[in-house]
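Derivation of every value follows stated rules applied to the coordinates shown; laboratory data play no part. This is a predicted model, so every value here is computed, not measured. Positions of Cβ are backbone-derived with ideal geometry, glycine not excepted, and every protein chain shown enters the neighbour counts.
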Amino acid sequence: MSILVTLFNILIFPGLLFVCVIGLILAGVDRKVLARMQKRVGPPLVQPFYDFFKLMGKETIVPHAANKAVYLAAPVVGFTSLVVMMLFIPIFGYSAFSGSADMIVIMYLLTIPAVALIVGGSASGSPYAGIGVSREMVTLMSYELPLVLVLLSVAKAAGGNALCFSLNDIVSWQQATGSGITHASLIPAALAMLLVIPAEVGTQPFDVAEAETEICEGPLIEYSGAPLAMFKLNTAMKMFIMTSLFTCLFLGGINTGIVALNAVILVAICILLTILCMTLIHAITARLKIEHLFKFYWIVVAGLAVCSLILVWLGL
Amino acid sequence: MSYIHFPVLAVMLLFMGAFLTVVFGRHNQGVRVGICTVTSVGAFALIAALIKPVMLGGEVISYWMGNWSPVEGYAIGIGYEVDQLGLFFALLVVATVLLSAIYSIKYMENDSSLDFYYVLFQMLAGGVLGLVLTGDVFNMFIMIEIMTFSAVGLTAFRNHKWGAVEAAFKYLIIGSIGSSMVLFGVAILYAQCHTLNMAQLSSILSGNNSPATIMAFALMFTGLAVKAFIVPFHAPAADSYAAAPTSISMVFSGMVNKAGVYGMIRLVYIIFRAMDSSALQMLMVVFGCVTMFVGVTMALAQHDFKRLLAFHSISQIGYVITAAGLGTALGLTGGLFHAMNHTLFKGLLFLCAGAVLKQAGTTNLDQLGGLSKRMPKTTICFLVGAFSISGLPPFNGFASKWLIYQAAFAKAVESGKIIYAFVTVIAVIVSVMTLASFIKVTQAAFFGQLPARLNDVQEAPTLMLVPMWIMSILCVLSGIFYNVVDKYLLAPATDAAINVTNYIDTMMGGGYAAAAGVRNIAIAPAEFSYWNPILWLVLFIVVLAAAFIVMITGKSDRGEILCAETDVEDGKYATFFSGEHSLPSHVAGSDLFWGFKKDWKKYFHVIEGLHSGIVSDYALWAVAASAVIVIVMFGFMR
Amino acid sequence: MMIVNYVASVFLVVLGLYTIVTKKNIIKIVIGTGIVDYGINLFIVSIGFNDGGTAPIFKMSEILSGAYFVDPVPQALTLTSIVIGACVDAMALSLCIKLYKQYKTVNADEIRRLHG
């Protein structure tokens, strides 16, 4: 029975199917709202589904200079780690797996999709991909420091002296004392996290790695067919996973007691967050240069997170 | 009880091998290889046979040379003593030696004067093995010197290539400063305690430090830190690892700097039992963090494959020192685990670099590219090593780094000092930068486009691939079954380092430790709380399912995987989608991270200026750092 | 009287380190390492010396009766250490010869192809 529950967790509810569907819906919302902001009609909400299935049916071409095995395996590895990550993130108390320090596991799992993109792009052998790989790696370095500081502040706030690195405990702490965002000392950290999300997902001002107008999608340039569909799906899933991680860390104080209702609330919050931190910023800003991006994250965003960490450590 | 002779036999076997190579191996390559194989396999077998009594049975083996056992509670003779900590490092040593010996056969086939190579190689192996097994501080000094000599000789082995002699000279000068400090410390200790036996020193020194013993401690600490190449002493390491033949670079990073780490752990945990001093903890953690950071940033700036790996060795040793410096059982377990993993993945990476050097003729990242088409097996091994060192789950680097972070948090909680929480931040950033520099190598050497002059590169010979496969498999296995590794290797070793009663009693006779007031502390077992077998099983299923989807949809009649290589005559596939012709337009390693380097221009300018390459500058760093260590010890240790 | 030995040995060690750090001629740097070794050897011999003690040749029963003699262990240590020091010097000097052949100079400032 427990194995059935596990399989259900993996394949249907917090896992595979749920993440894919909600992720693609979020991507659709993003495109639709963006279009409205730019006074366009925009595609239908389910357009990402059409795109995904269409790409799945296209032929896959492996370039001459590519290493075939790595080139084809990269999207699968990224996809797997995203599914596993979702199993660790509690939905207002309901999570498939939990450990005493699953936050660190999440932190490492978060790097894998980026690494998959980098290695896959690198394996394609294209010079454009080479430049994209370089930029993706620098982006990864940029947001990793603020991310660690944010996680550390939340852990300290939730656990007091016994730094708490279990996401489940963080959620139950919020249910006891109010959502993380209601604690004044965590507000800078929440802002920093909101800025980390678009870089992690790779949307407009921070999409230097894929900059379509200069390096034609960078690491993805040679991809076609099913692997490209997987990468597009990965991006959509990242939207959902990052926003639900934010929800878990800062908006975890809600619990209706019914898992299904909780999931609906989570999806609603994720849509709001997507519009707030991805679509809105996308619509009003232009792409940064890579060195500006690095400076922005290590000075402004990391600064916000450090503020929060110091406030938390002082017990405010 | 015959196994009490095994440690001495293993050391003597390697030294005898060196001697026999001089006598019989001058002209015949077969004899040399035969002797070396026999000695390295023999040493491996002898040490591996000790796992059962020592690691599982909890026994400590003592052996008095010439049967000079202690008289009236005073150790007169030279004693060998194998506890779990020593055996743990001895296993790393013999495994490294065995794999390197296999690799050398093909790798060194084009060099001349191979008799010298094998003599020095076996001397080095015997020296390091003796160092980790001995129970006598002066004997330890001798072994350090043998190790340094052979290491210098091997660094200069390819002395027709530029850099080898220069690197050897720097290594010798900085190394001899370190050895002198160890000797000075040993002399002061003897003057104070009238014994050279580690067990007896441990029982005498516990809790009654005089200024003289503090001085001795500071000097020995510095000397062993030089041997471990932690940061102010690291410059010759980068040079010599890059200049030595690659089979030796692997030995250097796999066991020679581990010998220094072992010496430091033995010194602070067992001989002086000083780890409850918070100043010493802070000193080691600060040194460790600086080592991590400087090592990895210097690695980002390198253009040479082997030199880049050398700086990563330095950086990873920083993790070990930081973890050991936390002074907790959990930290030490993490440190030992990382030391072991470092031996595995860095050895593997060096072997890959050696394969590239042998097959493609260069390790300059700006001249390589696209080798994955020609050396696919090497590429897979390299990726396993790169992911392990970057700490991606489920490889072994993740497990040990995870333990180190956990130990640092626990320490921050326990001591209430926020600085230990920042250790975690530094460790994570260093981990990401490690990943970045390996992405650079991957892109510059293995992926990207194949330059025309590398067109006829072949895959490495099987005899070179075998050690690489073994190490790759070990990297994955120790990452997945780390609880087994913990139970049978790490937990006994940590226990031996923290509870020394058994060590002292075995050497000096029962009840000796209790009489000197040495007591055991119970330690909680390390918890790998992210271990969940079902999770990993299911993860495997998901991988398979996802791969299945991709393959099925890719190969159905609606679309298929077209491999451009088979249709290279067809003009359609000779170009990239981007419209570029497949002409060599490779993005090489040196400028890959300019976006990052531009923001850090000033830092890189300063740090590269400091690595000036002038031996007297390096000596100045070493002397200044030892002065700092002495001052800190006198200022803050009781 | 022994204080002179101790001061002299520490002075030699410091002098040797000073030589290594400040001199640019690689031969002089090697001499510096030699001086450090001599200082330490002097120190080790000194710690075993007992004023008025006899040569350390005894039977086991005589040791226990409280005989007054020079500690033999440091002498053994010194011998070993001298041998090792000689090896260091020999090896370093041979490397100097090689370096001079390759770089045509003995100035440490110019022997820095490996840097950065």
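List of remarks:
- Local electrostatic count at B:H605 - Lys and Arg +1, Asp and Glu -1, tallied over other residues with Cβ under 13 Å: +2
- Here B:I76 and C:K24 are evaluated by their C-beta separation; at R0 = 41 Å the FRET efficiency comes out at 0.30.
- If you look at the Cα atoms of chain B, you get an Rg and a Dmax of 24.8, 89 Å.
- About the centre of its Cα atoms, region B:395-493 shows a dipole size close to 280 debye [charges on the beta carbon of Lys, Arg (+1) and Asp, Glu (-1) only; nearest 20 debye].
- Partner lysines for B:K106 [C-alpha distance under 25 Å; skip if fewer than 8 residues away on the same chain]: B:K161, B:K306, B:K346, B:K358, B:K373, B:K377
- Averaged over C:104-114, number of beta-carbon atoms from partner chains that fall within 10 Å: 5
- Average beta-carbon neighbours from other chains, 10 Å sphere, peptide B:172-178: 6
- Region A:139-204 - convex hull of alpha carbons, volume per residue in Å³: 93
- For a modelled paramagnetic label at B:F116, 7 Å from Cα along Cα-to-Cβ, the residues of region B:240-279 in reach, with backbone nitrogen under 15 Å, are B:244-245.
- Extending 7 Å from the Cα toward the beta-carbon at both B:V484 and B:R26 defines two label points whose distance is 4.9 nm.
- Between A:Q175 and A:A268, full extension at 0.36 nm per residue minus the direct alpha carbon distance yields a gain of 31.6 nm.
- Relative contact order (%) - criterion: Cα under 8 Å, at least six apart; region: chain B: 15
- Ranked packing of C:47-58, A:30-41, most packed first, by mean Cβ within 10 Å: A:30-41, C:47-58
- When the C-alpha to C-alpha distance is required to be over 18 Å, the pairs from B:K227/B:K258; A:K295/B:K601; C:K24/C:K104; A:K289/B:K597; B:K170/B:K602 that qualify are B:K170/B:K602.
- Hydrodynamic radius of region A:2-314 per Kirkwood, over alpha carbon pairs, in Å: 19.8
- Extension gain from A:A286 to A:L4, taking 0.36 nm per residue of separation minus the Cα-Cα distance: 96.7 nm
- Within straight-line cross-link reach of A:K32, aspartates and glutamates at Cα separation under 17 Å, skipping those fewer than 8 residues along the same chain: A:D51
- Förster radius 22 Å - calculated FRET efficiency between A:E212 and A:A69, Cβ distance, rounded to 0.05: 0.20
- Fraction of antiparallel bridges per DSSP, the protein assembly as shown only, in percent to nearest 5: 75
- Remark: mean inter-chain Cβ contacts per residue of B:298-310 equal 1, using a 10 Å Cβ-Cβ cutoff to other protein chain atoms.
- Computed over Cα pairs, the Kirkwood radius of the protein assembly as shown leads via Stokes-Einstein (1.002 mPa s, 20 °C) to a diffusion coefficient of 70 µm² per second.
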